[in-house]
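See below for the structure under consideration.
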Amino acid sequence: MRTDGSGVADVVGRVVESDRPRLLAMTFGDSDEAPTPVPLVTFTIEAFYDIVKLTVVHMHIPSDDDRAAAAAGWSSVFANLKTLLETGHALPQAPWEMHADLREQYMGE
């Protein structure tokens, strides 16, 4: 759910594996209309020398358009996460708005 009070859920799915604080795997678009196999996102957190490494793998993306949307969406989410972790504040523009702006700019929508 978005934190802006809109009640919008950007991701619908279910957690299929969780090993706190190291692993989270969740489906994407888990509904009657979801493709088979259902898209799956896995987040892995591990020590990497003196820092922490986050690896995100998004599998079973159904189409090239969905892949482009996921790439733009994840870039926006991670930009916001990085800023939040470094400053304690989210970006002044919501990640879902950046995603829409990028799609319009680069895909002519």
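The values are calculated or read from the model by the stated rules, or taken from the named source; none is laboratory data. Given the structure is predicted, the values throughout are model-derived calculations rather than measurements. Every residue, glycine as well, gets a Cβ built from its backbone with ideal geometry; the counts of neighbours run over all protein chains shown. Just so you know, the surface numbers come from the protein's heavy atoms only, side chains and all, with ligands and any DNA or RNA stripped out. Shrake-Rupley method; radii C 1.70, N 1.55, O 1.52, S 1.80 Å.
Points to keep in mind about this one:
- Count of region 52-78 residues which are outside any helix (DSSP H, G or I) and in contact (Cβ under 8 Å) with a residue 12 or more places away in the chain: 8
- Some residue of region 26-38 being under 25 Å from L91 (Cβ atoms), open to solvent by 80 Å² or more (accessible area, probe 1.4 Å) and either of a type outside the set (D, E) or in a loop (DSSP other than H, G, I, E, B) (or both): no
- Looking across region 54-78, the residues that are surrounded by 15 or more Cβ atoms within 10 Å (Cβ to Cβ) and of a type in the set (A, V, I, L, M, F, W, C) come down to I61, A68, A69, A70, A72, W74, V77.
- The requirement of being at pLDDT below 85, polar (S, T, N, Q), open to solvent by 50 Å² or more (accessible area, probe 1.4 Å) and outside any helix (DSSP H, G or I) is not satisfied by Q105.
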